Amino acid sequence: MSMHFSKHFVAALILISAGVSGPAPAQDAAAPFDGELLRLAEILGTLHYLRGICGSNEGLKWRNEMQALVDAETPSGERRSRMIAGFNRGYNGFQQTYRTCTPAASIAIRRYIEEGSKISRDLTARYAN
């Protein structure tokens, strides 16, 4: 699978975490984009697992991207817990389904990178400066 999808996805995530305008929400108060962030967290968990079994040699790349996003958006509290739970849900859900890299796992990777990129672009367009 081509890496240009993931580079674009990661760049968009960085833009979101760095470029969201307006005052930071109260620690546990929901932000208008929390639903999208939770979905991104789940996608990152999925990619962390699937890219690992498909021999991408990316190590902790997707986990580190998740950590950077969480640190930028939710330093502590319930929002942080929800995002981490989303990441774990994505990881664990696919761990139950795929034990080895299959053609279906490769298709899932591509679809999740595309979905994550779309969410990232949409968030950036709506909330970045």
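Numerical summary
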read-out: Inter-label distance, nm, simple model (7 Å from Cα along the C-beta direction), residue 110/residue 96; value: 2.7
read-out: Relative contact order (%) - segment 32-127, alpha-carbon pairs under 8 angstrom, separation at least six; value: 44
read-out: Segment 101-129 and segment 67-87: distance between their alpha carbon centers, rounded to Å; value: 19
read-out: Residue 122-residue 84 FRET efficiency (beta carbon distance; Förster radius 30 Å; 0.05 resolution); value: 0.85
read-out: Ellipsoid equivalent to segment 32-127 - semi-axes via the Cα gyration tensor, in Å; value: 23, 15, 11
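Coordinate-derived values only; no laboratory data. Everything numeric here is computed off the predicted structure, so don't read it as measured data. Note that each Cβ is placed from the backbone with ideal geometry, even for glycine, and that neighbours are counted across all protein chains shown.
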